[in-house]
Amino acid sequence: MLQRLEMLYPDPPIPLDHHDEFTLLVAVLLSAQCTDKMVNSVTPDLWKLADNPADMSRLSEEEILAVIRKLGLAPRKSKAIKGLSEILTREYDGQVPAQLELLKQLPGVGHKTASVVMCQAFGQPAFPVDTHIHRLAQRWGLTSGKDVAETEKDLKRLFPQDRWNKLHLQIIYYGREHCSARGCDGTRCQICRELYPKRKKPVQTRRA
């Protein structure tokens, strides 16, 4: 599995367009229940209005919402973006904190979002688990798939820490391009067939 992923994605890029820690944080928050492509289609207009905590905090929720309206959960996200921007401006001198627990205290920032920022913005070891990773980890026999928290623990236990940041991106890209929810059922894609050549029945995966 690792050999195949390394061959396909030797240097996987971060799929969300951004130019610093703050714009990455906002983009990851926006990506909840939404595709990266959709997020990347709205963030250029959002950055034109404000691409730093101070300027973003001066916008109203309605102004933010007008730009991101087509994304899922847009009203909740616009409130969270304004709220976290105010906190970053007031309490962190406009800087995004490089600590997981501090990030999780910001409005709209859960464990997965904070983990993505830690590994992709600050280079700290983390293994964010999204729906792609959760599904593939089950198909590949890496976890029981009880929930995303358990999947994260299992993957961290299985793989060396210095592989986490890159591996989570590699699995995401493979899940989108080869082992998607509809494109593979645990018996079709190359990795699934190589890992389990005798598997005939589809794998029933638990939702994230």
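Values in this text are rule-based calculations from the coordinates and carry no lab data. Note that this is a predicted model, so its numbers are computed, not measured. Using ideal geometry, Cβ is built from the backbone for each residue, glycine included, and neighbour counts are taken over all protein chains shown.
The residues listed here are Glu177, Glu152; of these, the one that is surrounded by 15 or more Cβ atoms within 10 Å (Cβ to Cβ) and under 20 Å from the mean Cα position of the chain (by Cα) is Glu152.
Would you be able to say whether some residue in region 62-74 is crowded, with 20+ Cβ neighbours inside 10 Å, under 19 Å from Lys112 (Cα atoms) and either small (Gly, Ala, Ser) or within 18 Å of the chain's Cα centre (by Cα) (or both)? For region 62-74, residues crowded, with 20+ Cβ neighbours inside 10 Å, under 19 Å from Lys112 (Cα atoms) and either small (Gly, Ala, Ser) or within 18 Å of the chain's Cα centre (by Cα) (or both): present. Is it true that Leu59 is within 22 Å of Phe122 (Cβ to Cβ) and touching a Lys or Arg at 6+ places or on another chain (Cβ under 8 Å)? No: the conditions fail for Leu59. Residue pairs whose Cβ atoms lie under 8 Å apart, sitting 6 or more positions apart in sequence or on different chains, and linking a residue in region 62-88 that is in a helix (DSSP H, G or I) to a partner that is loosely packed, with under 15 Cβ neighbours inside 10 Å and acidic (Asp, Glu), are Val67/Asp45; Ser78/Glu62. Being in a helix (DSSP H, G or I) and in contact (Cβ under 8 Å) with a residue 40 or more places away in the chain is the filter; apply it to region 113-127 and report the residue that is nearest to Asp20 (Cα to Cα). Step by step, filter region 113-127, then rank; the result is Ala121.
Does Asp17 qualify as being under 30 Å from Arg193 (Cβ atoms), under 19 Å from the mean Cα position of the chain (by Cα) and in a loop (DSSP other than H, G, I, E, B)? Spelling it out, it is not the case that Asp17 is under 30 Å from Arg193 (Cβ atoms), under 19 Å from the mean Cα position of the chain (by Cα) and in a loop (DSSP other than H, G, I, E, B). In the set Ala137, Ala149, Ala181, only one residue is of a type in the set (A, V, I, L, M) and within 30 Å of Ser85 (Cβ to Cβ); that residue is Ala149. Scanning region 123-138 for any residue that is of a type in the set (A, V, I, L, M), under 22 Å from Pro12 (Cβ atoms) and touching a Cys at 6+ places or on another chain (Cβ under 6 Å) turns up at least one such residue.
Sub-8 Å Cβ pairs linking a first residue in region 152-163 that is closer than 20 Å to Ala114 by Cβ to a second residue that is β-branched (Val, Ile, Thr), at least 6 apart or interchain, are Glu152/Val129; Asp154/Thr143; Leu155/Val129; Leu155/Ile133; Leu155/Thr143, ordered by first then second residue. Against the criterion of being among the hydroxyl-bearing types (Ser, Thr, Tyr) and touching a helix residue (DSSP H, G or I) at 6+ places or on another chain (Cβ under 6 Å), Thr43 qualifies.
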